[in-house]
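The values are calculated or read from the model by the stated rules, or taken from the named source; none is laboratory data. Being a predicted model, the structure only gives us computed values, none of them experimental. Every residue, glycine among them, receives a Cβ derived from its backbone with ideal geometry; neighbour counts consider all protein chains shown.
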Amino acid sequence: MASAASDQGTEVLNELLLRSGKRIAVPGQCQRKRSTLTSGLDCLPCELLETVLLSWSSAEDLCRIACTCKRLQAIADDVASWQRLFKDRWAPSALTPTAAKLAGSWKALYRSKASLEKVSDGWQKASPFESQAAIHEMVEQATLQECRKAAVVFLLDGSGSMVAEDFSMIAAFVSDAAEAISKAAASTQIGVCQFSNEVKVEYALQNPEKDGLQKSLDSMEMIGGGTNIAGAIQKAGQLLKDAGPDCTRTVVIMSDGRINPYQGIEAVQMASQLVDEQPAVSIFGIGVGRGVERAELENVINACGPGVADLRYLALCTNEHAPW
């Protein structure tokens, strides 16, 4: 298996060198090619190899070339190249560098994202490292105060445009985020609301018991109807108002953001009012479902300040095609 991968790497490198006019392997058996190539590499400066490999190679090429010899493996693992390849294939955000750090490298993040894409059947899903990066940012915002007291309300879209699979993914994310914030903060209160036309408190704001929170998440049933984000934010404000002046307040909206222009204006106004009237408020948006209106969610997030949405929005599981 290793020999076959090395042979493929030799073929790829020969092709790249041929494009650049620097072919050094000679015709013959694969073993002879590989031997001639690896010995010939000693005569080539790193600058030439890096220029040829990193300018022409795809992700698949780099993986094959890395199997050829140790010198090429070091070049093929180039951080900037894998960062470029990731950005060329997917739209990165301000969270992506943190995701790469959590993955261990840009190459590892690329591998994770590409593997997930193969089995996602047209859906765009956040890799585990991207989800962890978003949760990391939530933890950072929730523990800004010196006292490290945090109150977090998750607002879950249960409208008719969502489906059961969306809801199960939402519940899993809430569970992971609540656990991470609870570990980081000295004192944590977690609340969960489901919203459509109306808002239903699924888990009252309190110091969470993991079993109790998980039981509430597992027993939730989608209520259907419209998408009243403004009403959901208002309910979050009502739950958070008594959290105390020395407590951070985090609102996490998990929705497809499919609202009409008037509802969008209402949502931004309600978010702005919450930010103005209560201390240390941060708002996050998690895109879930078909036809996600990212701009609507980002408008709400940016009520906390211009440009913060790039660090506080995550496309958890989205599909560009609307449900109808």
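Here are some notes:
- Single unsatisfied condition, K200 versus (1) assigned to a strand (DSSP E or B); (2) within 26 Å of the chain's Cα centre (by Cα); (3) of a type outside the set (A, V, I, L, M, F, W, C): (2)
- Some residue of region 159-176 being farther than 23 Å from I283 by Cβ, in contact with a Lys or Arg (Cβ under 9 Å, 6 or more places away or on another chain) and either crowded, with 20+ Cβ neighbours inside 10 Å or of a type in the set (V, I, T) (or both): yes
- Condition check for A180: surrounded by fewer than 22 Cβ atoms within 10 Å (Cβ to Cβ), among the hydrophobic types (A, V, I, L, M, F, W, C) and assigned by TED's automatic domain parsing to the domain that holds G289: yes
- Hits in region 111-161 (condition: of a type in the set (S, T, Y) and over 23 Å from P279 (Cβ atoms)): S112, S115, S120, S127, S131, S159, S161
- Close pairs from region 226-244: first more than 18 Å from E202 (Cβ to Cβ), partner crowded, with 22+ Cβ neighbours inside 10 Å and among the charged types (D, E, K, R), Cβ under 7 Å, at least 6 apart: A243/R249
- Restricting region 64-106 to residues that are at pLDDT below 70, among the hydrophobic types (A, V, I, L, M, F, W, C) and assigned to a helix (DSSP H, G or I), the residue that is nearest to E130 (Cα to Cα) is A76.
- Cross-chain or 6+ apart pairs with Cβ under 8 Å, region 246-266 first and within 29 Å of A186 (Cα to Cα), then of a type in the set (K, R): D246/K149; C247/K149; T248/K149
- Flag if S216 is in the same structural domain as T143 (by TED's automatic domain parsing), polar (S, T, N, Q), in a helix (DSSP H, G or I) and within 22 Å of L314 (Cβ to Cβ): no
- Checked against (1) in contact with a Gly (Cβ under 9 Å, 6 or more places away or on another chain); (2) in contact (Cβ under 8 Å) with a residue 40 or more places away in the chain; (3) crowded, with 20+ Cβ neighbours inside 10 Å, M138 passes all but condition (1).
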